[in-house]
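I'd like to ask you about the structure that follows.
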Amino acid sequence: MLTRSISIVALLCLPAIIKAWGFFGHERINRHAVYSLPPRLMVFYKPHISYLVTHSTDPDKRRYMLPDEGPRHYIDLDHYPRSEYDSLAVPWPRAVAHYTADTLQRHGILPWHFETMMYRLTAAFLARDRERILKLSAELGHYVADAHVPLHTSSNHNGQFTGQHGIHGLWESRIPELLADAEFDLWAGKALYIREPRGFIWSILLESAAAADTVLRVEKELSNSLPADRKYAWENRNGQLVRSYASDYTKAYSSKMGDMVERRMRGAILATASCWYTAWANAGQPPLQTINNSDFQATDQKETDLLERLWRGGKIFGREH
Ligand SMILES: [Zn+2]
């Protein structure tokens, strides 16, 4: 039986590590994306909104099961000279021929995995396979959302090179958890057709990379201007007392970045809806009300249980974020 008493934990590994866009952020992004869809798609997606929300975090959970999963969530663009970006934004076989698969894997493969996911989702629409459409939509939303996070394009992804350990969770978990529902305007507008998925993902990644310096610099300046006791606070999370970034510190950091987190979150919502819409359009706009798959619940439950077990008890492969 769990007691509700507060215990002090994890004193030595602070601040508390929180997962990418936080589970909170990924869930919000997939949920809001449904409302940006055109009606013909929304009638299919909306009844499954809780599935899309719940499974928005599966790719992060899968990092406890698959060593190959981690590099799909980021690309360290600062590893490559700017002059090489054109040689990177090419199909996977050409990029491999130029850099080798090992090098690409080591520094993250998000843009190529995104293309694979777009291809798979389009194929699922062509096959009218409801189970795969939903699973791939939920997961595609995850990778698209990760691409909008500036620190997912930087090798200094958790401020580990600059004495800013924890900044990853501060930007993409703590700020949205504190401000998204209360203050952010997350209406992203209507889904758009994406003519060139490769160019689309690369422009998102380049915007993220351009913002990464600001993300790091602004936090450094704020941190230097305040004593440590204004930076962290103890918080009760599920009955455990954990040290986290203080609310005032989090709000001050967010406001010094202007509307960056809100804008990137809204961008992730619109991009997710646009990817779902584009895959469907490229599959010939199949009518979705006729799609049915009676095995869906059983298969889904089995996989969900497995991911949940590994996530709770396992050790992550690769980066924490
Ligand atoms: Zn991720």
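Where a number appears in this text, it was derived from the coordinates with a stated rule and is not lab data. Being a predicted model, the structure only gives us computed values, none of them experimental. FYI the Cβ positions are ideal-geometry reconstructions off the backbone, even for glycines, and counts take in every protein chain you see.
If I take R0 = 25 Å and measure r between the Cβ atoms of residue 235 and residue 155 in this structure, what FRET efficiency does the formula 1/(1 + (r/R0)^6) give, to the nearest 0.05? Write out the running numbers ahead of the final one.
Details: r = 30 Å, r/R0 = 1.19.
The formula returns an efficiency of 0.25 here.
For residue 291, project a label point 7 Å along Cα to C-beta. Then give me every residue of region 120-159 with its amide nitrogen under 15 Å of that point.
Label zone hits: 120-141.
What is the fewest-to-most order of 162, 272, 278, 57 by other Cβ atoms lying within 10 Å of their Cβ?
Taking fewest neighbouring Cβ atoms as first place, the list is 162, 278, 57, 272.
May I pose another question? Past 25 Å, Cα to Cα, is the threshold; run 61/251; 61/231; 61/135 against it and keep the listed order.
61/251; 61/231
Return the percentage of antiparallel bridges among DSSP beta bridges fully within the chain, rounded to the nearest 5 %.
Percentage antiparallel, nearest 5: 75.
While we're here: Rounded to a whole number of µm²/s, how large is the Stokes-Einstein D of region 18-292 at 37 °C and 0.692 mPa s, given Rh as the Kirkwood radius over C-alpha pairs? List each step's numbers first, then the result.
Values: Rh = 19.3 Å.
Rounded to a whole number, D works out at 170 µm²/s.
Another question about this same structure. Work out, step by step, the length gained on full extension between residue 248 and residue 217: first 0.36 nm times the residue separation, then minus their alpha carbon distance; give nm to one decimal.
Working: separation 31, 0.36 × 31 = 11.16 nm, distance 1.84 nm.
Result for the pair: 9.3 nm of gain on full extension.
Where a Cα-Cα gap under 13 Å defines reach, which aspartates and glutamates qualify for residue 256, not counting those fewer than 8 residues away within the same chain?
By straight Cα distance, residue 256 reaches 219, 221, 248.
Run the dipole for the chain about the Cα centre, Lys and Arg Cβ at +1, Asp and Glu Cβ at -1, nothing else charged, and hand back the magnitude in debye, nearest 20.
360 debye
When the convex hull of the Cα atoms of region 92-185 is projected onto a plane and the area is averaged over all directions, what value comes out in nm²?
Mean orientational projected area (region 92-185, Cα hull): 8.7 nm².
When a footprinting reagent is the concern and you count Cβ atoms within 10 Å, what order do 49, 201 take, fewest first?
With the fewest neighbours first, 49, 201 line up as 49, 201.
Roughly how many nanometres apart are two label points built 7 Å out from the Cα toward the Cβ at residue 309 and residue 126?
Spacing of the two 7 Å Cα→Cβ label points: 3.5 nm.
Related question: Springs between alpha-carbon pairs under 10 angstrom, Gaussian network model over the chain: which of 48, 113, 148 fluctuates most?
Top of the fluctuation ranking is 48.
How much length is gained if the chain between residue 84 and residue 43 is pulled fully straight, taking 0.36 nm per residue apart and subtracting their Cα-Cα distance, in nm to one decimal?
Numbers: separation 41, 0.36 × 41 = 14.76 nm, distance 4.32 nm.
Length gained, residue 84 through residue 43: 10.4 nm.
Right, another one. If a/c stays under 1.5 just call it rounded; otherwise compare a/b with b/c (prolate if a/b is bigger, oblate if not). Do that for region 42-135, with a ≥ b ≥ c from the square roots of the Cα gyration tensor eigenvalues.
Taking the square roots of the gyration eigenvalues as a ≥ b ≥ c, region 42-135 is prolate.
Counting other beta carbons within 10 Å of each Cβ, put 266, 174 in order, fewest first. Walk me through the numbers on the way to the answer.
Working: 266 21, 174 28.
So the ranking, lowest neighbour count to highest, is 266, 174.
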